[in-house]
Amino acid sequence: MDKPTVGSELKSIRPRGDAMHILVADDHDIVRRGLKQLLNSRPGWEVCAEASTGREAVTLAEQLKPKVVVMDISMPELNGLEAARKILKILPKTEIVILSLHFSDQLVREILASGARGYIMKSDADRDLVAAVEAVSNHRSYFTARAADMVLNGFNAGSHAPDPGTVLRNRLTPREREIVQLLAEGKSSKEVAVSLNISVKTAETHRANIMRKLELHSVSELVRYAVKNQIIEA
């Protein structure tokens, strides 16, 4: 893996031809406006679209093919990591910067596993976002300093032991992870079916399989699981 860039000033991009297009995805209007203003102030950069849900981010990315996607990790309907996986499956050359309010060893692992090259704290966006976008647009990694230290040092001692939550989560299919989020957000089986364009019977079958795999017995337990694993925010 290439060595992450951390907090260093980078040379400005001199775009050839059209501006570099960036998609901004966050479910808070005021945050999107701030990110857009910050990114549009950079010569040669242009925020081509804004998304307020993870599913919308995937749809817009497929339509507009931005060079970079800046995305909050906690998005409704489809969280940022699942959206990142879907975008990169469709557009493997698109680069993604993940924004998060939280920090943990496990979160860094999951961001790396999603294929995103950039990860910064929302609290540091005014300082780090431009450098992060510039780095990933040149196919280099950019992580918040603590995350970069973790990556370079092979994570914390004893990190080879798999986290039980990760083992359970990895047993779910991508579709099941989508359904976990929708159910945890309060959607009924019928609403899940409409959202994913599947039958109600299929949605109910997925729900039963998820509860069995995760050894959960109620929707409240599923919600706690989703919050604990940062699929949704509390």
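Checking D18 against (1) at pLDDT 90 or above; (2) farther than 30 Å from V223 by Cβ, which test does it fail?
All conditions pass for D18, except number (1).
Going through the stretch 167-185 one residue at a time, which ones are assigned to a helix (DSSP H, G or I) and over 19 Å from A83 (Cβ atoms)?
V167, L168
Which members of the stretch 186-230 meet the condition of being free of Cβ contacts under 8 Å to residues at least 12 places away in the same chain, of a type outside the set (S, T, Y) and assigned to a helix (DSSP H, G or I)?
E191, A193, V194, V200, K201, A208, M211, R212, E221, R224
Which residues, taken from the stretch 23-33, are open to solvent by 40 Å² or more (accessible area, probe 1.4 Å) and either over 19 Å from T59 (Cα atoms) or part of a loop (DSSP other than H, G, I, E, B) (or both)?
Selection gives D27, H28, I30, V31, R33.
Within the stretch 42-159, considering only helices (runs of 4 or more DSSP H) that don't extend past its boundaries, which have at least 2 residues that are modelled with pLDDT of 90 or more and open to solvent by 30 Å² or more (accessible area, probe 1.4 Å)?
Qualifying helices (runs of 4 or more DSSP H): 54-64, 80-90.
Identify, please: which residue in the stretch 178-213 is more than 22 Å from the chain's Cα centre (by Cα) and aliphatic (A, V, I, L, M) and is, among those, most open to solvent (accessible area, probe 1.4 Å)?
So the residue we want is V194.
The values are calculated or read from the model by the stated rules, or taken from the named source; none is laboratory data. Quantities reported herein were computed from a predicted structural model and do not represent experimental measurements. Here the Cβ is made from the backbone with ideal geometry for all residues, glycine too, and neighbour counts use every protein chain on show. In case anyone asks, the SASA skips ligands and DNA or RNA and just uses the protein heavy atoms, side chains included. Shrake-Rupley method; radii C 1.70, N 1.55, O 1.52, S 1.80 Å.
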